[in-house]
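Q: This is the structure, below, for whatever I ask next.
Just so it is clear, none of the values below were taken in a lab; they were calculated from the coordinates. Remember, it's a predicted structure, so these values are computed and weren't measured experimentally. Positions of Cβ are backbone-derived with ideal geometry, glycine not excepted, and every protein chain shown enters the neighbour counts.
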Amino acid sequence: MNAIESVLGRRVWDSRGRPTVEAEVRLSDGVTGRAIAPAGASTGSSEAVDKRDGGNAFGGLDVQEAVAAVNGEISDVLRGFDPRDQAAADQAMINLDGTANRSRLGGNALVATSMAIAHAAAASAGQPLWRYLGEDRSDFSLPLPEVQIFGGGAHAGRRVDIQDFMVIATGAQGYTQALEWTAEVYRAAGTLMQDAGLMQGVADEGGFWPAFETNEQALDYLVRAIERAGFTPGDEMAISLDIAATDFGADGRYRLATDARDVDSDALSEMLLGWLERYPIVAIEDPLGEDDHEAMAKFTAAAGPHVEVIADDFICTSADLIKAAHAGGACNTALIKPNQAGTLTETKAALDAARAAGWESIVSARSGETEDVTIVHLAVGWGVKQLKVGSFARSERMAKWNEGLRIAEVLEGDRMAPRDAFPWGRGA
Ligand code: 2PG
Ligand code: MG
């Protein structure tokens, strides 16, 4: 039987110049698979935690202990496992770690290893990862891209409170066209910023630095960028927001520093619902804090079925938290991030829980990324209809968008999930 022979851990560097964990799984047939752990800046409290060394080097963010765990304990425990039995290998790592939040060995050590096992198994089977993961599927399609134009919040020194101002090419015929349209909007936004004297470079995920006076000004510029690029807002190109409210509020109180306002849950909800009325917004992520359950349920009901109310920090890619949110009527769409869960098996369990709840799902990158393109393969292989990767600039982002183009070529056409698979946008 083909079996895992060893796992090699090494320290590599992410898009913010921080150390991160790469794992390389070697199989007895000589095939290897490799993956790198990403890292978030706006994290939810129930996420699997990265193991960081502390101390003086690299602001305490070094990962030598997590790398040592991969080379030592993790490699030892996985030796002999069938690489095709992802669930068994992941469970062995979960048991070995022994903590609820993966803090002993590190979520970064676990997720890199877990993804590397899948890469090795796929390579050994002579298949691209997306096809290997989708072995039981007969039909594949590309996900609809959700792309950041302005970065904010924790990704831009809190220059504005809202974290992601994004576009979704709701009218595009396919993945290739969705990227083409997004590229035009990104360029148009850059020109607008330049002309207004507001161009100050880009934020962490490649979106333009938000040199705005108010949060709402970013929305105005986004609509203007869509128009300037020649598209109809709300028809061809729609807006998606990640409020990341956990980052500026707790216990039902929120501080909108840009607008110099302190608000409660109701006032924040009212402001956001007003935006839903006035702007072509089809999706809104973490509109309230991770601890604000009742307000989130109220907001979800008020936003209505045609707006995706996306849970990120609110559910942290946890099947149990998705079930609880669904039972409480909070949110209708899950953001799926492998490193929040810790292993691919738990990530898939969260996706399955979202599907069982009748939710939509979006596979997502983190703000700290690398050349690793695993998430694109997860989206295609698992049949997830949307993908969030950050902006349309910088290679850690473009590596993912470009990987989608290669997969589209193999699929003989860039078929995206059909338009009627989305509850919003044109024809909703
Ligand atoms: C998010 C992500 C990506 P981070 O909040 O959705 O934008 O950010 O990786 O910093 O959590
Ligand atoms: Mg988020």
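Q: Which value in deg cm²/dmol, rounded to the nearest 500, describes the helix-derived mean residue ellipticity at 222 nm for the chain, given -39,500 (n - 2.57) per DSSP H run of n ≥ 4 and division by the residue count? Let's see the in-between values first.
A: On the way: 14 runs with 155 residues, N = 428.
It lands at -11000 deg cm²/dmol.
Q: Sticking with this one: What does the charge count near Ala92 come to, summing +1 for each Lys or Arg and -1 for each Asp or Glu among other residues with Cβ under 11 Å from its Cβ?
A: Working: positive: Arg79; negative: Glu73, Asp76, Asp85, Asp90, Asp97.
That works out to -4.
Q: Simple spin-label model, 7 Å along Cα-to-Cβ: Asn2 to Asp195 in nm?
A: Output for this residue pair reads 5.5 nm.
Q: Just check the stretch 42-84 against the gyration tensor rule for me: Cα atoms, a ≥ b ≥ c as the square roots of the eigenvalues, rounded for a/c under 1.5, and otherwise prolate or oblate depending on whether a/b exceeds b/c. Intermediate results must be reported in sequence, preceding the final value.
A: Details: a/c = 4.10, a/b = 1.60, b/c = 2.57.
Note, shape of the stretch 42-84 comes out oblate.
Q: Just to confirm a number: summing +1 for Lys and Arg and -1 for Asp and Glu over residues other than Arg187 whose beta-carbon lies under 14 angstrom from that of Arg187, what do you get?
A: On the way: positive: Arg224, Arg228; negative: Glu180, Glu184, Asp195, Glu227.
Combined, the nearby Lys, Arg, Asp and Glu give -2.
Q: In a GNM of the chain with a 10 Å cut-off on Cα contacts, which of Ile407, Ile322, Ile36 has the highest mean-square fluctuation?
A: Ile407
Q: Rounded to the nearest whole Å³, what is the per residue volume of the convex hull around the Cα atoms of the chain? Mind dumping the intermediate values first?
A: Values: hull volume 54.9 nm³, N = 428.
It comes to 128 Å³ per residue, whole-number rounded.
Q: Apply the Karplus curve 6.51 cos²θ - 1.76 cosθ + 1.60, θ = phi - 60°, to the phi angles in the stretch 148-160 and return the couplings in whole Hz, x for Gly and Pro.
A: Values per residue, Gly and Pro as x: 6, 9, 10, x, x, x, 5, 8, 8, x, 6, 4, 10 Hz.
Q: Ok, one more. Expressed in nm to one decimal, what extension gain is obtained for the pair Asp259 and Ala399 from 0.36 nm per residue of sequence separation less their Cα-Cα distance?
A: Details: separation 140, 0.36 × 140 = 50.40 nm, distance 3.56 nm.
Once the chain is fully extended between Asp259 and Ala399, it gains 46.8 nm.
Q: Hey, in the GNM for the chain with a 10 angstrom Cα cutoff, which one of Glu227, Glu290, Glu412 fluctuates hardest?
A: Glu412
Q: Using a cut-off of 13 Å between beta-carbons, work out the net charge of the residues near Arg255 (Lys and Arg +1, Asp and Glu -1, Arg255 not included).
A: Working: positive: Arg158, Arg253, Arg261; negative: Asp161, Asp247, Asp251, Asp259, Asp262, Asp264.
Charge balance in the 13 Å sphere: -3.
Q: Choose one answer from Val410, Val160, Val70: the residue with the largest mean-square fluctuation in a GNM of the chain with alpha-carbon springs under 10 Å.
A: For the chain, modelled as a Gaussian network with Cα springs under 10 Å, the answer is Val410.
Q: Can you give the relative contact order of the chain as a percent, counting alpha carbon pairs under 8 Å and 6+ residues apart?
A: Working: 1003 pairs, mean separation 82.8, N = 428.
Relative contact order here is 19 percent.
Q: Okay, moving on. Taking the Cα centre of the stretch 144-425 as origin and charging only Cβ (+1 Lys, Arg; -1 Asp, Glu), how large is the dipole, in debye to the nearest 20? Before the final figure, lay out each step's value.
A: Numbers: 23 positive and 45 negative charges, 102 e Å.
So the dipole magnitude of the stretch 144-425 works out to roughly 500 debye.
Q: Please rank Ile94, Ile336, Ile284, fewest neighbouring Cβ atoms within 10 Å first, as an exposure proxy.
A: Values: Ile94 20, Ile336 28, Ile284 25.
Listing Ile94, Ile336, Ile284 from fewest to most nearby Cβ atoms yields Ile94, Ile284, Ile336.
Q: Now for a different question. Once all Cα-Cα distances of the stretch 358-412 are split into 10 Å bins that start at 0, what whole-number percent is in each one?
A: 24, 56, 19, 1
Q: Just for the Cα atoms in the stretch 251-342, what are the lengths along the principal axes, largest first, rounded to whole Å?
A: If we take the Cα atoms of the stretch 251-342, the spans are 37, 27, 22 Å.
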